[in-house]
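Visitor: Handing you a structure now.
The values are calculated or read from the model by the stated rules, or taken from the named source; none is laboratory data. Worth saying up front: this structure is predicted, and the values here are computed from it rather than measured. Don't worry about glycine lacking a Cβ; one is built from the backbone with ideal geometry, like all the others, and counts go over all protein chains shown. These area figures cover heavy atoms from the full protein model, side chains too; ligands, DNA and RNA do not enter into them. Shrake-Rupley method; radii C 1.70, N 1.55, O 1.52, S 1.80 Å.
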Amino acid sequence: MTVTAIPPENADDPSAPAFAAKIEAEVKIEPRDWMPESYRKSLVRQMSQHAHSEYVGMLPERNWLTRAPSLKRKAQLLAKIQDEGGHALYLYSAAETLGTSRAEMLDALHTGRAKYAHIFNYPVLTWADVGTIGWLVDGAAIINQIMLCRCSYGPYARAMERICREESFHQRQGFEIMVSLCQGTADQRRMAQDALNRWWWPVLMMFGPHDTASANSAQSTAWKIKRQSNDELRQQFVDMTVPQADYLELAIPDPDLRWNEARGHYDFGAIGFRELMRVVSGDGPCNRERLGARIKAHDDGAWVREAAMAHAAKRRARAKAA
Amino acid sequence: MSDVKVANDATSADDWPLWEVFIRARQGLSHKHAGSLHAPDAEMAIQNARDIYTRRREGESLWVVRSTDIIASDPDDKESLFEPAEAKIYRHPTFYTVPDEVECL
């Protein structure tokens, strides 16, 4: 049975044809437009998990703020982390247009019901990891986010455009760090190579399972949320990144990686998806620590929220009395 | 996770009203909708809007409006609400015939 924009349970809904026509015509769906309940739920899940990923994504880098090698690098890293907080907020706000609340989404994150990108469950062991994250993790995110700029839901597409504009400095910041290290001492070059060795395969897994194993892709594609397949995006990333690694004179840890003249793309080795499943289900190197840190930050920040409420109440009272 | 409590306090962001943010990029342009945020009051909404939506000096002026103050047309009424304009093509300059020799029309 072919998957279409109208799920079977909405087949008789009088509003369904207009929705399908909008999707077909590349007309955006906006917050108060009729939409299948499953479309709404699917977007709430995807957008909130995207927001959680940005939010948790601040954690792997924060330890390096006090350990950055120079003031310039510290300021750049701080700006990157601020951006990530901002991106989380754009996405939470966009998700809220679909009828969920901030408290609901954070509760799902803190209780482990909601997921976030598995990549943030890996430890950031050296300064070279910081560079590698900017270069590869943000690089992979950019490819996915460029695609999402064309998604059918208006607020998500608009949030993606804003995020894409800001994300490119993240990737350049990372690459610049790698250039400094790779053109530095032998120890620095070794550190850079070691970071690449540890991050390469987890980054390739960011694009999700192979198309043949991806259960949600068909419906997501019919709804024009997903505009390109996992394998297509992954191939795009590899093709873009290999020349960059060549420039750095770093070896990508894949003995099967080679240019395929006939295909016009790089061939690469088999991905160990079992590790992805393990990390996604909560058993990665840092899952418990990341979640613990997020919950602690939320709890430790309660006094700020209370103070803001008290401050607002005081201002209102003063305005009334005046 | 047993030694951290999951905050379920009454001072969650959900108690903060939702504000829509509009930004004027430069003098001469109108304010454009940029997104939304939660804040306890208008002044903090402006400050938060500055932090969230103008990290790169994207604007010279910020408006914040309580989302509940925005009255929106019903998307289901779109056809009937905008129907009067549908058949009035004579509101468009292209409807009119202008002789080729005549300039400045």
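Visitor: Condition first: closer than 28 Å to A:Ala186 by Cβ, without any contact (Cβ under 8 Å) to a residue 40 or more places away in the chain and within 24 Å of the chain's Cα centre (by Cα). Now tell me which residues in segment A:239-265 satisfy that.
Guide: Hits for segment A:239-265 are A:Val242, A:Pro243.
Visitor: Being in contact (Cβ under 8 Å) with a residue 60 or more places away in the chain and at the interface with chain B (Cβ under 8 Å from one of its Cβ atoms) is the filter here, so list the residues in segment A:284-301 that pass it.
Guide: A:Leu291, A:Ile295, A:His298
Visitor: For segment A:290-310, name all the residues that are open to solvent by 40 Å² or more (accessible area, probe 1.4 Å) and in contact with a helix residue (DSSP H, G or I) (Cβ under 8 Å, 6 or more places away or on another chain).
Guide: Once the filter is applied, which keeps residues that are open to solvent by 40 Å² or more (accessible area, probe 1.4 Å) and in contact with a helix residue (DSSP H, G or I) (Cβ under 8 Å, 6 or more places away or on another chain), segment A:290-310 yields only A:Met309.
Visitor: While we're here: Which of the residues spanning segment A:19-32 are open to solvent by less than 60 Å² (accessible area, probe 1.4 Å) and either more than 14 Å from chain B (Cβ to nearest Cβ) or not in a loop (DSSP other than H, G, I, E, B) (or both)?
Guide: A:Phe19, A:Ala20, A:Ala21, A:Lys22, A:Ile23, A:Ile29
Visitor: Given the options A:Val124, A:Val130, A:Val137, name the one that is outside any helix (DSSP H, G or I) and modelled with pLDDT of 90 or more.
Guide: Checking each option against the conditions leaves just A:Val124.
Visitor: Report, by residue number, each residue of segment A:70-105 that is assigned to a helix (DSSP H, G or I), open to solvent by 20 Å² or more (accessible area, probe 1.4 Å) and among the polar types (S, T, N, Q).
Guide: A:Gln76, A:Gln82
Visitor: From the list A:Ala5, A:Ala51, which one is touching a Phe, Trp or Tyr at 6+ places or on another chain (Cβ under 7 Å) and within 28 Å of B:Ser67 (Cα to Cα)?
Guide: A:Ala51
Visitor: Among the residues that make up segment B:89-99, is at least one of them under 26 Å from A:Trp34 (Cα atoms) and assigned to a loop (DSSP other than H, G, I, E, B)?
Guide: Within segment B:89-99 (the criterion being under 26 Å from A:Trp34 (Cα atoms) and assigned to a loop (DSSP other than H, G, I, E, B)), the answer is no, since none of the residues qualifies.
Visitor: Of the residues B:Asp100, B:Asp51, which is over 15 Å from the mean Cα position of the chain (by Cα), among the acidic types (Asp, Glu) and within 10 Å of chain A (Cβ to nearest Cβ)?
Guide: Only one candidate qualifies: B:Asp51.
Visitor: A:Arg315: out of contact with any Cys (no Cβ under 9 Å at 6 or more places or on another chain), more than 29 Å from A:Met58 (Cα to Cα) and in a helix (DSSP H, G or I), yes or no?
Guide: Answer is yes for this residue.
Visitor: Enumerate the pairs (first residue in segment B:22-48 and over 13 Å from B:Ser67 (Cβ atoms) and more than 10 Å from chain A (Cβ to nearest Cβ); second residue anywhere and open to solvent by 80 Å² or more (accessible area, probe 1.4 Å) and in a strand (DSSP E or B)) with beta-carbon separation below 7 Å, excluding pairs fewer than 6 apart on the same chain, so at least 6 apart or on different chains.
Guide: Once the first residue is over 13 Å from B:Ser67 (Cβ atoms) and more than 10 Å from chain A (Cβ to nearest Cβ) and sits in segment B:22-48, its partners that are open to solvent by 80 Å² or more (accessible area, probe 1.4 Å) and in a strand (DSSP E or B) give B:Ile23/B:Lys32; B:His31/B:Trp63.
Visitor: Can you confirm whether segment A:95-108 contains a residue that is at positive phi, at pLDDT below 95 and not charged (D, E, K, R)?
Guide: For segment A:95-108, residues at positive phi, at pLDDT below 95 and not charged (D, E, K, R): present.
Visitor: When A:Glu167 is evaluated against the numbered criteria (1) over 24 Å from A:Ala68 (Cβ atoms); (2) among the charged types (D, E, K, R); (3) touching a residue at least 24 places away in the same chain (Cβ under 8 Å), which criterion, by number, is the only one it fails?
Guide: (1)
Visitor: Being open to solvent by 70 Å² or more (accessible area, probe 1.4 Å) and of a type in the set (A, V, I, L, M), is that true of even one residue in segment A:219-229?
Guide: Checking segment A:219-229: not a single residue is open to solvent by 70 Å² or more (accessible area, probe 1.4 Å) and of a type in the set (A, V, I, L, M).
Visitor: Out of everything in segment A:36-69 that is assigned to a loop (DSSP other than H, G, I, E, B) and over 22 Å from B:Arg55 (Cβ atoms), what residue ends up being least open to solvent (accessible area, probe 1.4 Å)?
Guide: Filtering segment A:36-69 for residues that are assigned to a loop (DSSP other than H, G, I, E, B) and over 22 Å from B:Arg55 (Cβ atoms), the one least open to solvent (accessible area, probe 1.4 Å) comes out as A:Pro36.
Visitor: So, of the residues in segment A:145-169 that are within 19 Å of A:Leu98 (Cβ to Cβ) and touching an Asp or Glu at 6+ places or on another chain (Cβ under 6 Å), which turns out to be farthest from the other protein chains (Cβ to nearest Cβ)?
Guide: A:Cys149
Visitor: For residues in segment A:173-190 being of a type in the set (Gly, Ala, Ser) and surrounded by 12 or more Cβ atoms within 10 Å (Cβ to Cβ), which is nearest to A:Asp138 (Cα to Cα)?
Guide: Across segment A:173-190, the extreme among qualifying residues is A:Gly174.
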